[in-house]
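Report on one structure; see the data block that follows.
The values are calculated or read from the model by the stated rules, or taken from the named source; none is laboratory data. Owing to the predicted nature of the structure, the values given are computational and were not obtained by experimental measurement. Here the Cβ positions follow ideal geometry from the backbone for every residue, glycine too, while neighbour counts run over all protein chains shown. In case anyone asks, the SASA skips ligands and DNA or RNA and just uses the protein heavy atoms, side chains included. Shrake-Rupley method; radii C 1.70, N 1.55, O 1.52, S 1.80 Å.
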Amino acid sequence: MIHVENLTKYYDKFCAVDRINLDIAKGEIIGLLGPNGAGKTTTLRMLTGYFKPTSGDIHVKDLAIDDHPLEIKKMMGYLPESAPLYHSMLVYDYLDYIARIRGLNGDKKLARIRKLADLCGMGGIMHNTVSELSKGLKQRVGLAHAMMTDPEILILDEPTSGLDPNQIAEIREIIRQIGREKTVILSTHILSEAEATCDRIVIINKGKIIADGSTQDLKQAATKERFIRISLLDAPFDEADALISPIDGVKRVEQLNSADNGRLDLRLTCRSESDLRKNIYQAIKATDWILVEMHQETKTLETIFRELTKEN
Ligand code: ATP
């Protein structure tokens, strides 16, 4: 659906987006995730045709953006970080105005506004002035604006920025509903947002893509080692180390406490390919020690994201 090759943007001598390659399939919900200043907005603006790249290509449905800017714009709806709305208008009048400038009239226009009011949960606010709406409700009106022509692709720049937790949950739910039929690209610097809403997460830092995949893919790719914690009663560290270290796949055995109270806490660093808990349990079963705890630690996506972008 969207093919991006070596997309690059310089502001003067500053490289904000650095040779990005991306292929986005129809129907995907993609989260462009990165810290502030990573280059998310610049990338989205190039995808919408709002900014011309310094170099690189963007194709949407095999059309090059340089040669077919208008056709591509017609396929896209864009919601910038703060929806640009006319604050003195009634919500209905505003949507009516947007519909007309997008070429919708008569019954088609009414049907579209009704559909959007329903989809974006605006039934009760159509006769309110835009200025009196909360930020979350304004965002819904902005979303309806972006979707007026029923575009195949929706690009949302930090769609929940500045909203309270209830509003965030509501907007996410709307995005998920939209994502059943459309290709959605959204930017966010909030990991949980990308995790909760997107099928695929593209992590961008200093203008470069540093990870790309499903939540599960990202976790696996970043987990080169597994960590197993065990707690043993009546086990001297040296003997426990001598028993566990030779198990195939165990790379390191560390003692985490002083074991003064007879309880020895260990952290085992293991190669990631296999789950060694069974082997470890069997080795301990053959001793007099008591295994009081064993669990495998998994890195959270939060940790992975921080590790990947930590200089920021
Ligand atoms: P944020 O989450 O803070 O919006 P972002 O990931 O969307 O960040 P961009 O807004 O794309 O990042 O900015 C990327 C870098 O380019 C930043 O260092 C920013 O200061 C710089 N930048 C953005 N727009 C311009 C501009 N018009 N002129 C010069 N530099 C710019």
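Computed from phi, the 3J(HN,Hα) profile of region 155-172 under the Karplus parametrisation 6.51, -1.76, 1.60 (θ = phi - 60°) reads 10, 10, 9, 6, x, 10, 4, x, 8, 7, x, 5, 5, 4, 4, 5, 5, 4 Hz, with x in place of Gly and Pro. Annotation: region 222-302 has a Kirkwood hydrodynamic radius of 12.9 angstrom, from the mean reciprocal C-alpha pair distance. Per the Debye calculation on region 28-164 with a single equal scatterer at every Cα and no solvent contribution, log₁₀ I(q)/I(0) for q = 0.10, 0.12, 0.15 Å⁻¹ amounts to -0.37, -0.52, -0.80.
Counting only residues at least eight positions apart within a chain, or on another chain, the lysines with an alpha carbon under 23 Å from that of residue 61 are 9, 26, 40, 52, 73, 74, 182.
Amide H contacts of residue 290: 233, each under 5 Å away and 5 or more positions distant or on a separate chain (H built 1.01 Å from N in the peptide plane; Pro and chain starts excluded).
Per-residue HN-Hα couplings for region 270-275, Karplus 6.51 cos²θ - 1.76 cosθ + 1.60 at θ = phi - 60°, whole Hz, x for Gly and Pro? Using θ = phi - 60°, the values come out as 10, 5, 7, 4, 9, 8 Hz. Over the chain, all Cα pairs binned in 10 Å intervals from 0 give whole-percent P(r) values of 6, 22, 24, 18, 12, 10, 6, 2, 0, listed from short to long. Given a Förster distance of 25 angstrom, what is the FRET efficiency for residue 247 paired with residue 295, based on the Cβ-Cβ distance and rounded to 0.05? Efficiency computed from Cβ-Cβ geometry: 0.90. Accessible surface calculations at 1.4 Å, restricted to protein heavy atoms, place region 168-274 at 48 Å² per residue. Under 21 Å of direct C-alpha separation, and excluding same-chain neighbours fewer than eight residues apart, residue 278 reaches these lysines: 224, 251, 299. Nonpolar atom fraction for the chain, defined as the carbon and sulfur part of the 1.4 Å probe accessible area, stands at 48 percent. Protein heavy-atom accessible surface, 1.4 Å probe, per residue over region 89-155: 45 Å². Across q = 0.10, 0.20 Å⁻¹, region 116-226 modelled as identical point scatterers on its alpha-carbon atoms has Debye log10 I(q)/I(0) values of -0.35, -1.10, in the order of the q list. Considering only 42, 279, 309, and ranking their Cα positions along the charge dipole of the chain that arises from unit charges at the beta-carbon of Lys, Arg, Asp and Glu, the one farthest toward the positive end is 42. I'd like the FRET efficiency for residue 278 and residue 233, computed as 1/(1 + (r/R0)^6) with the beta carbon distance as r and R0 of 30 Å, rounded to 0.05. The formula returns an efficiency of 0.90 here. Working note: Karplus 6.51/-1.76/1.60 with θ = phi - 60° gives region 201-213 the couplings 10, 10, 8, 10, 8, 6, x, 10, 7, 10, 6, 7, x Hz, where Gly and Pro are set to x.
Highest average first, the peptides 35-47, 59-71, 227-239 ordered by how many other beta carbon atoms sit within 10 Å of their residues are 35-47, 227-239, 59-71.
Residues whose amide H lies under 5 Å from that of residue 149, counting only those 5 or more places away or on a different chain, are absent; hydrogens are built 1.01 Å from N in the peptide plane.
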